[in-house]
Each structure stands twice: as C-alpha cells, then as structure tokens.
Amino acid sequence: MAVFGGRRRNHDPALPPGQYLTESFPVLSTGPTPSIDTDGWEFSIHTENGRVHRWDWDRLTSLPAEDITVDIHCVTRWSKLGTRWRGVSLDRLFAEVETGLEHVMAHSYGGYTTNLSLEEILDGRSWIAYGYDGGELDPEHGGPARLLVPHLYFWKSAKWVRGLVMHSEDDPGFWEENGYHLHGDPWREERHS
Ligand SMILES: Nc1nc2c(c(=O)[nH]1)N[C@H]1C(S)=C(S)[C@@H](COP(=O)(O)O)O[C@H]1N2
Ligand SMILES: [Mo]
C-alpha cells in the first residue's frame, strides 16, 4: 500500500512529464550566496531609450503585494507543489515602463543572468518575491528578493534579482548559453536546446 501510494503521488496530474515530487526545498546555486543588505538594495528596469526605472527596498515593499501559491519545477527533475510566496507583480512595475522591445534579460547580484520575454512575465505570470511560507525569503533561496516565474523551469526564477534589461533579441542567459532551452516550458519538457 505504501509503495502503491508512492507511485500514485508521482502520477499527480500537477506533475509535468519527467518530474518527481519533493517535500524538501533543494538549494540550487551556481556560486556562493551573496549577502545583500536591503539598505543598499535596488531593483531596476532598463529600456532602449536609456531610461532606468528604479525601486529601492522601501518603494518596492510599499507597493501592493500578492500572496501566491504555485507549483515549481526544476529542470533537474524535482517539483514542489503548493509553494507559498509573497511579492509584487511585474505588471505593477511595468505599469510605469514604456518599451517597444519584447525580450528581457534578468540580472542578479552575483552575475547570474537568464532570458525571458515580456509575454512570459506579464499578465499575472511573474513576481518579485520577497516572502516565502509566511516569513522572509531566505538568502539561500534568493533573499532579499528573487524573480518568481513559476510556469517556466525554475532556473528562470533568478535569485537575488537586481534588474531587467530590455533586449531586441532573445539572447541567452547563463544556463541557456550552457545548453538549457531558451524558453523552458516544463509541460513541453523544454529542458535543453
Ligand atoms: N542568481 C541565481 N539565480 C538562480 C540560480 C543561480 O544559481 N543563481 N539557480 C537557478 C536554478 S537552476 C534553480 S532550480 C533555482 C533554485 O532555487 P532554490 O535554490 O530556491 O531552490 O534558482 C534559479 N535561480
Ligand atoms: Mo535548476
């Protein structure tokens, strides 16, 4: 019965193909966890006309926040269901940004990058998350704030995010340059390019 139960859990309809469920919260980082003080923290969006839209910690956290419960899927095949986050929708930040470009490069403190598109991050599909499971976001999971783009493989959710730069082309980020898929939809198993 226990074995059967285990099998059934891994056939959960919420699991994309080739994924297994985990209850733990693995940490996946290419380098050391940066220590970032919210005093000097800043998030910015850079557009083609040279404008830089900036949010310091007080400005970001004074914006209306949302509680988000989502499933997350790592390309290394673990999925975690029903994770609870708190953060600000990218729709809210882009409300004051004018751009004619469609592609986005996310940059993190520490140098990590990942490419996205406006289509993938607007319309309620991504957040700057600064809370997890009712508390602050742990530094090892990207605190003080990370990108949360749960409908794509979790490598797209840049930890320690510090800004987005609008691009005219779909240029690859860190993992995408190293063979990961440019898009990364877990339901289509877009793992590698
Ligand atoms: N800045 C940064 N963001 C990152 C990574 C990283 O190495 N550096 N790893 C990515 C990968 S591959 C995954 S699966 C998730 C892991 O997030 P977690 O450590 O909170 O589970 O963060 C993503 N964001
Ligand atoms: Mo990952």
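The values are calculated or read from the model by the stated rules, or taken from the named source; none is laboratory data. Just so you know, these numbers come straight off a predicted model, no measurement behind them. Quick reminder, even Gly has a Cβ in these numbers, built from the backbone with ideal geometry, and neighbours come from all protein chains shown. All accessible areas refer to the heavy atoms of the entire protein, side chains included, with ligands and DNA or RNA removed. Shrake-Rupley method; radii C 1.70, N 1.55, O 1.52, S 1.80 Å.
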**Study point:** Count of region 65-89 residues which are touching a helix residue (DSSP H, G or I) at 6+ places or on another chain (Cβ under 7 Å) and more than 16 Å from ligand 1 (Cβ to nearest atom)
**Key:** 1
Check your understanding: Does T33 count as in a strand (DSSP E or B), among the β-branched types (V, I, T) and either open to solvent by 40 Å² or more (accessible area, probe 1.4 Å) or under 29 Å from R188 (Cα atoms) (or both)?
Key -> no
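This table checks each residue for (1) more than 15 Å from ligand 2 (Cβ to nearest atom); (2) at pLDDT 95 or above; (3) more than 21 Å from F43 (Cβ to Cβ); (4) open to solvent by less than 20 Å² (accessible area, probe 1.4 Å).
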{"position": "R84", "(1), (2), (3), (4)": "yes, yes, yes, no"}
{"position": "G87", "(1), (2), (3), (4)": "yes, yes, no, yes"}
{"position": "T99", "(1), (2), (3), (4)": "yes, yes, no, no"}
{"position": "H103", "(1), (2), (3), (4)": "yes, yes, no, no"}
{"position": "T113", "(1), (2), (3), (4)": "no, yes, no, no"}
{"position": "S117", "(1), (2), (3), (4)": "yes, yes, no, no"}
**Study point:** Scan of region 75-114 for residues that are in a strand (DSSP E or B), of a type in the set (S, T, N, Q) and under 23 Å from R188 (Cα atoms), ordered by number
**Key:** S79, T83, T113, T114
Revision key, fill the gap. Note on region 36-61: residues in a loop (DSSP other than H, G, I, E, B) and either in contact with a helix residue (DSSP H, G or I) (Cβ under 7 Å, 6 or more places away or on another chain) or open to solvent by less than 70 Å² (accessible area, probe 1.4 Å) (or both) are I36, T38, G40, W41, T47, G50
Exercise for review: Find the residue count for region 130-161, including only residues that are in contact with a strand residue (DSSP E or B) (Cβ under 9 Å, 6 or more places away or on another chain) and within 16 Å of ligand 2 (Cβ to nearest atom).
Suggested key: 18
Revision key, fill the gap. Checked pairs for region 150-170, first in contact (Cβ under 8 Å) with a residue 60 or more places away in the chain, second within 7 Å of ligand 1 (Cβ to nearest atom) and in a helix (DSSP H, G or I), C-beta under 8 Å and 6 or more apart or across chains, list as W155/W175; K159/H141
Practice item. Would you mind stating whether D71 is more than 16 Å from ligand 2 (Cβ to nearest atom) and in contact with a strand residue (DSSP E or B) (Cβ under 6 Å, 6 or more places away or on another chain)? Key: no
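For S44, state whether it is hydroxyl-bearing (S, T, Y), touching a residue at least 40 places away in the same chain (Cβ under 8 Å) and more than 16 Å from ligand 2 (Cβ to nearest atom).
So S44 fits the description; yes.
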Exercise for review: Would you mind stating whether E66 is open to solvent by 60 Å² or more (accessible area, probe 1.4 Å), over 15 Å from L148 (Cβ atoms) and not polar (S, T, N, Q)?
Suggested key: no
